[in-house]
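Read through the structure below, which is laid out as structure tokens, and then see the notes.
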Amino acid sequence: MRLSWPEIRANAAHFATEWRDKGYEKGQTHSFYDEFFRIFGVPRKQVAVYEQRVRALDPGRSNGFIDLFWPGTLIVEQKSMGRDLTRAMTQALDYYDWLPESQRPRHMMVCDFQRFELLDLETRREWRFPLTDLKRHVEAFGFILGVQPRLFRNQSPVNRKAS
């Protein structure tokens, strides 16, 4: 049974409290994301894997490992607390390019445990917020539940005459 948004927000608030001031990439990433997906009532292992290997397109570059990968849906590049998220996003974008087109995700996220940057590649919408604000931004992760934003394109605005 799917959790309600108030339940998800409460879970996110608890998660933020538990992970405040933590952030060691090599030792805590798996626990962080297993618990992150639980916010939404989704077992991470049912949808995403850790350390997905990708091959560089340029033979002169080394291959890489996506920290968390949900084929067709999400790439996450995780860094330790305080690390440069701009470089992390560049790394995630490289991984995106290196993937077969059928596996390329709609969403990319970089995180340092205390800051989140989420990008919807289809709408170009971006979210940037600290862990403490996660409960206010959980709906940005609706895709974890299968909820996608509606896109309204090429529609005339409603006016008095039309209504």
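The values are calculated or read from the model by the stated rules, or taken from the named source; none is laboratory data. Keep in mind that what you see is a predicted model, and the values were worked out from it rather than measured. We place every Cβ from the backbone using ideal geometry, glycine too, and count neighbours over all the protein chains shown. Just the protein is used for accessible areas: all its heavy atoms, side chains included, with ligands, DNA and RNA removed. Shrake-Rupley method; radii C 1.70, N 1.55, O 1.52, S 1.80 Å.
Which ones in the stretch 100-113 are in contact with a strand residue (DSSP E or B) (Cβ under 9 Å, 6 or more places away or on another chain) and open to solvent by 10 Å² or more (accessible area, probe 1.4 Å)? Steps first, please.
As a first pass, look at the stretch 100-113 and keep what is in contact with a strand residue (DSSP E or B) (Cβ under 9 Å, 6 or more places away or on another chain): 103-113.
Across the stretch 100-113, the qualifying residues are GLN103, ARG104, ARG106.
Residues ARG125, ARG153: which one is of a type outside the set (Ser, Thr, Tyr) and either at pLDDT 95 or above or touching a Leu at 6+ places or on another chain (Cβ under 9 Å) (or both)?
Values: ARG153 fails: either at pLDDT 95 or above or touching a Leu at 6+ places or on another chain (Cβ under 9 Å) (or both).
Within the list ARG125, ARG153, the selection yields ARG125.
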So GLY60 clears everything in (1) small (Gly, Ala, Ser); (2) at pLDDT below 95; (3) open to solvent by less than 50 Å² (accessible area, probe 1.4 Å) except one condition, right? Which one?
(3)
Between THR73, THR29, which is in contact (Cβ under 8 Å) with a residue 40 or more places away in the chain and touching a His at 6+ places or on another chain (Cβ under 8 Å)?
THR73
So THR86, is it of a type outside the set (Lys, Arg), within 16 Å of the chain's Cα centre (by Cα) and exposed (fewer than 12 other Cβ atoms within 10 Å of the Cβ):
yes
Condition check for ASP112: of a type in the set (Asp, Glu), touching a Leu at 6+ places or on another chain (Cβ under 8 Å) and touching a residue at least 60 places away in the same chain (Cβ under 8 Å):
yes
Out of everything in the stretch 21-50 that is among the charged types (D, E, K, R) and modelled with pLDDT under 95, what residue ends up being farthest from PHE113 (Cα to Cα)?
LYS26
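Residue-by-condition table, conditions (1) over 17 Å from the mean Cα position of the chain (by Cα); (2) closer than 12 Å to LEU134 by Cα:
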| position | (1), (2) |
| --- | --- |
| GLU7 | yes, no |
| ALA12 | no, yes |
| PHE15 | no, yes |
| GLY23 | no, no |
| THR29 | no, no |
| PHE36 | no, yes |
| PHE40 | no, no |
| GLN46 | no, no |
| GLU51 | no, no |
Does the stretch 131-142 include one or more residues that are surrounded by fewer than 11 Cβ atoms within 10 Å (Cβ to Cβ) and either modelled with pLDDT of 95 or more or hydrophobic (A, V, I, L, M, F, W, C) (or both)?
no
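Considering only the stretch 63-79, state which residues are of a type outside the set (Asp, Glu) and surrounded by 15 or more Cβ atoms within 10 Å (Cβ to Cβ).
So in the stretch 63-79, the residues of a type outside the set (Asp, Glu) come out as 63-66, 68-76, 78-79.
Within the stretch 63-79, GLY64, ILE66, LEU68, PHE69, TRP70, PRO71, THR73, LEU74, ILE75, VAL76, GLN78, LYS79 qualify.
Looking at this structure, is VAL42 touching a residue at least 24 places away in the same chain (Cβ under 8 Å) and closer than 20 Å to GLY142 by Cβ?
On the way: touching a residue at least 24 places away in the same chain (Cβ under 8 Å): yes; closer than 20 Å to GLY142 by Cβ: yes.
When the stated conditions are applied, VAL42 passes them.
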